[in-house]
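Here's the structure we're looking at; comments come further down.
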Amino acid sequence: MLPPLGAADITLSAPDAFDIPVFIRRSSPLEPAPRPKAQALSQAAKAWPAPASVPPDGNYLVTTTWRDILDAATTVGRDIAPWVAAVPRLARREIAARRYPLAAYLVRSGTAAHQHGSGHAVVPSVVYTHGTESSTRSAFGYHIGMTMAEWACRGLMGLGPTTHAESAIPPGALPGWQQRKSLPDLFGTHTSTSDLWLVEAKGGRVLGVNSRRKGARQLDVGSLVPVAHQKVLCGTSLQRRLFMMIDIESGPSYSESADSSEQVDDTLEHDNDALVELARARMLMYLALVSIAPGSLKLTAVGGRRPDNPRRRAGGLVHLLESDDATADLRRRLDSRATGLDITQGNGVDMLAGRLPGTDLMIGMSRRLFGACRALAEMDRRMVAEIEESSAMPTVYSSPQRLPDMRTGFAATAPSDVSERQYERHMAERDERVRSYRERHRDAFGQAARRGFDSGDASPWEAFTPITPRLTSPSEDGFLEAATADTYLAVEQDSLDLDVETA
């Protein structure tokens with residue numbers, strides 16, 4: 001397990017840090033608060049408490065990093081893994097599709113620094129404000145809304161891995177869930193309380209109260225979720241600067257002072273459902289990783305947990321490795337011939353890492369999570385094959401006129417009489433078959449993930465790769481590095497345009 005770092009020591013010094021005003025309001029029934037005025041944006045100054053929790057109502061200023069936002073972008077959204085498990089190179093294209101809109105439309109700007117802030121804000125670029133058509137801004141609004149909801153719920157408030165509402169049914173929900181036309185975007189289980197959270201994400205250039213009221217209605221699922229649940233409405237606006245409005249239905253407080261990261265790691269050791277949730281949240285990363293040429297894969301060493309520093313960084317989904325003494329100490333003790341065994345014997349984590357072709361990103365994964373993901377990917381491939389065999393039509397469409405070959409990912413000619421309505425209906429049926437199959441075989445999926453997890457923990461990387469990966473230190477090549485307990489993410493510092501200033 002990685003060492004959670006304190007809030008004060010890295011958020012101010014991280015090269016890619018910036019500040020986000022976050023406005024928390026509670027109500028019952030859920031009623032979104034009015035959009036903050038410009039003065040409120042400039043005066044938001046309260047520090048978010050650490051560890052992750054839901055604090056009292058207030059106007060907060062949260063320091064985070066581009067690496068945290070990029071990590072959120074790779075994990076949030078609809079589960080496409082079953083459809084790309086047989087064509088894993090498409091996963092790295094999906095990651096690129098999630099990463100580059102952020103680079104195209106957002107830049108970092110200098111602002112007046114608060115006592116605990118970085119002195120930087122994120123603002124929409126001139127391309128976004130003056131160069132794009134309204135449909136592009138709408139699409140980006142959805143993307144940034146989902147990304148920031150993931151960041152806020154997991155990084156700020158301690159929610160576990162999220163699931164898109166179109167991909168599964170929340171625990172305790174009734175069968176009518178999938179028939180409802182308007183659903184919340186995400187659901188997940190809180191790491192400290194084990195309570196179910198329903199999350200609706202909204203985003204836009206100027207996000208007003210009417211759009212957020214619509215989001216509140218989407219969270220009103222009534223009797224479809226008879227179990228206790230928390231409703232959270234996350235609004236992200238780009239007016240003047242990127243900021244968030246989080247409306248929460250009044251309920252229990254989640255302001256525990258204990259660190260939940262060790263609790264999460266303990267849960268993975270015995271809870272198959274939690275392991276499956278984590279592996280599915282990271283499946284895009286796994287599929288992208290296995291699509292990289294084996295000769296391009298390397299090992300990187302990440303330091304292990306230190307019991308003397310248990311606090312989690314507020315606003316952080318990942319640990320920033322440039323400030324991690326455990327990682328620095330471990331790497332100093334290793335030479336270029338070091339193996340994964342040398343890393344683990346040094347109380348570190350040997351991450352298998354590779355650069356995504358055509359991008360500024362490196363991704364990586366621990367052996368135990370790699371094993372769990374591999375097992376689930378194989379289950380998904382079997383599932384898709386069974387669904388395809390029992391169906392009168394091919395499994396996936398790229399358009400009503402084109403069908404893909406699942407072996408290559410390329411489209412083949414489809415019957416010309418497939419209408420858009422037929423296409424949508426057929427896709428809905430496919431989604432339901434996936435949900436139903438996974439629910440019927442829930443124990444099998446969990447057992448497979450557990451076997452893969454345990455096997456990965458006990459096996460060397462040579463059991464998973466055709467060659468022995470060699471040690472690398474991406475920070476020496478200009479990468480900003482970050483990690484969770486089981487994943488690795490690095491981005492080229494030069495690609496972030498961190499010196500951009502706006503008038």
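The values are calculated or read from the model by the stated rules, or taken from the named source; none is laboratory data. This structure is a prediction, so every number in the text was calculated from the model and none was measured. Reconstructed Cβ throughout: ideal geometry from the backbone, glycine too, with neighbour counts over all protein chains shown. Just so you know, the surface numbers come from the protein's heavy atoms only, side chains and all, with ligands and any DNA or RNA stripped out. Shrake-Rupley method; radii C 1.70, N 1.55, O 1.52, S 1.80 Å.
Among the conditions (1) open to solvent by less than 20 Å² (accessible area, probe 1.4 Å); (2) under 22 Å from Met283 (Cβ atoms), the only one that Ala385 does not satisfy is (1). Of all residues in region 79-94, those that are part of a loop (DSSP other than H, G, I, E, B) have Cβ atoms under 7 Å from Cβ atoms of residues that are open to solvent by 50 Å² or more (accessible area, probe 1.4 Å) and aliphatic (A, V, I, L, M), 6 or more apart or on another chain, in Pro88/Val290. Is it the case, given these coordinates, that Ala449 is of a type in the set (A, V, I, L, M), at pLDDT 95 or above and open to solvent by less than 30 Å² (accessible area, probe 1.4 Å)? Taking the combined requirement at face value, the residue satisfies it. Which of the residues belonging to region 111-158 are acidic (Asp, Glu) and over 19 Å from Ala97 (Cβ atoms)? Listed by number, the list is empty, since nothing qualifies.
Does at least one position in region 224-233 carry a residue that is modelled with pLDDT under 95 and among the β-branched types (Val, Ile, Thr)? Within region 224-233, one or more residues are modelled with pLDDT under 95 and among the β-branched types (Val, Ile, Thr). In the set (1) closer than 22 Å to Asp360 by Cβ; (2) modelled with pLDDT of 90 or more; (3) among the hydrophobic types (A, V, I, L, M, F, W, C), Ile10 fails one condition alone, (2). Taking region 160-172 as the range and being under 30 Å from Pro49 (Cα atoms) and surrounded by fewer than 17 Cβ atoms within 10 Å (Cβ to Cβ) as the test, only Pro171 passes. Please find, among Met146, Met157, the residue that is open to solvent by less than 50 Å² (accessible area, probe 1.4 Å), farther than 21 Å from Ala47 by Cβ and under 21 Å from the mean Cα position of the chain (by Cα). After ruling out the rest, the residue left standing is Met146. So, in region 173-220, of the ones that are touching a Pro at 6+ places or on another chain (Cβ under 8 Å) and aromatic (Phe, Trp, Tyr), which residue ends up surrounded by the fewest Cβ atoms within 10 Å (Cβ to Cβ)? The qualifying residue surrounded by the fewest Cβ atoms within 10 Å (Cβ to Cβ) is Trp177.
Looking only at residues of region 212-223 that are part of a helix (DSSP H, G or I) and modelled with pLDDT of 90 or more, we find that the one that is nearest to Trp197 (Cα to Cα) is Leu219. Pairing each residue of region 454-475 that is closer than 19 Å to Ala490 by Cβ and in contact (Cβ under 8 Å) with a residue 60 or more places away in the chain with any residue that is open to solvent by 80 Å² or more (accessible area, probe 1.4 Å) and outside any loop (DSSP other than H, G, I, E, B), provided the two are 6+ apart or on different chains, yields C-beta distances under 8 Å for Ser475/Glu322. Exactly one residue out of Ala149, Ala201 is under 19 Å from Asp68 (Cα atoms) and free of Cβ contacts under 8 Å to residues at least 60 places away in the same chain, and it is Ala201. Filtering region 80-95 for residues that are more than 14 Å from the chain's Cα centre (by Cα), open to solvent by 10 Å² or more (accessible area, probe 1.4 Å) and among the acidic types (Asp, Glu) leaves an empty set. Evaluated against (1) touching a helix residue (DSSP H, G or I) at 6+ places or on another chain (Cβ under 7 Å); (2) open to solvent by less than 40 Å² (accessible area, probe 1.4 Å); (3) modelled with pLDDT under 90, Asp431 falls short on exactly one condition, (1).
Mind checking which residues of region 76-134 are in contact with a Leu (Cβ under 8 Å, 6 or more places away or on another chain) and of a type in the set (Phe, Trp, Tyr)? Within region 76-134, Tyr128 is the sole residue that qualifies.
The residue list Leu186, Leu207, Leu238 contains one member that is out of contact with any Cys (no Cβ under 6 Å at 6 or more places or on another chain) and under 23 Å from Asp431 (Cβ atoms), which is Leu186. Scanning region 259-292 for residues that are assigned to a loop (DSSP other than H, G, I, E, B) and modelled with pLDDT under 95, we see that the one that is least open to solvent (accessible area, probe 1.4 Å) is Ser260.
Report, by residue number, each residue of region 312-357 that is in contact with a helix residue (DSSP H, G or I) (Cβ under 8 Å, 6 or more places away or on another chain), closer than 26 Å to Gly117 by Cβ and crowded, with 18+ Cβ neighbours inside 10 Å. Arg312, Arg313, Ala314, Gly315, Gly316, Leu317, Val318, Leu320, Leu321, Thr327, listed by residue number.
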